[in-house]
1. Along the Cα→Cβ direction, 7 angstrom out, place labels at Arg25 and Lys72. What is the inter-label distance in nm?
2. Excluding same-chain residues fewer than 8 positions from Lys15, which lysines have a Cα within less than 25 Å of its Cα?
3. To the nearest 0.05, what FRET efficiency results for Ala108 and Leu83 with a Förster distance of 25 Å applied to their C-beta separation?
4. Multiply the residue separation of Phe44 and Phe160 by 0.36 nm, subtract the distance between their alpha-carbon atoms, and state the gained length in nm to one decimal.
5. With each label point set 7 Å from Cα along the Cα-Cβ vector, what nm distance links Ala100 and Thr59?
6. Run the reach check for Lys80 against lysines, Cα to Cα strictly under 18 Å, same-chain hits fewer than 8 apart removed. What comes back?
7. Net charge around Pro170, counting only other residues with Cβ within less than 11 Å of its Cβ (Lys, Arg = +1; Asp, Glu = -1)?
8. Cross-link partners among aspartates and glutamates for Lys81, C-alpha distance below 20 Å, same-chain residues fewer than 8 apart left out?
Amino acid sequence: MKVFPNLASPSVFAKAYDLVMEQRRRASHRARPLAEPIKAFEQFGRDLELCLAALNELTVTLERELNMNAIKATARNEAKKALPRVANPAQPNFSICQAAQMQGKTVARVEFGVAEESPEHHRGELLIIHFTDGSILSIDTHTNAASLPGHPEGIKPSDFDVSYSLHWVPPA
């Protein structure tokens, strides 16, 4: 409330904040008043609605003061969580190492190496490109080579597959 004075009393945020802090103070001092018959579910619903309105007021204030869009910021954050991660550096002779040559054009930073394994991703090479406008592109390779039969003479070119997974994170 010191940083954003509009959230101070008599705002919805201040009212919800005072309600929560009073209940926490009572609980920590074990100084709750004697129980009174009230419609608990209705009161809880009203208190919850007050807290939701307070969070909405806080969001609007943060958007205005920080010149941001909360929905876009949340979507970007979620998109960043879905990016695969480099688990180990690439061997110097891997062709993916050439990707570092993109840096310095419209590319701000390049990460590359062996991707973390997960139930959705098999181990493979990973390229994450960070552009100067803040957008990010990951390129993740996938192959079925590990599941092919053990005799190379029985493998046809059509049995071998390589695919790429692309994941785009828009700029902030």
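1. Inter-label distance under the simple model: 4.1 nm.
2. Lys15 reaches Lys2, Lys39.
3. It comes out at approximately 0.95.
4. The Phe44-Phe160 span can extend by a further 35.8 nm.
5. 4.3 nm
6. Lys72
7. Every neighbour counted, the sum reads +2.
8. Glu111, Glu116, Glu117, Glu120, Glu125, Asp133, Asp140
Read-outs: derived from the displayed coordinates by stated rules, not from any lab. None of these values were measured; they are calculated from a predicted model. Here Cβ is always computed from backbone atoms with ideal geometry, including for glycine, and neighbour counts include all displayed protein chains.
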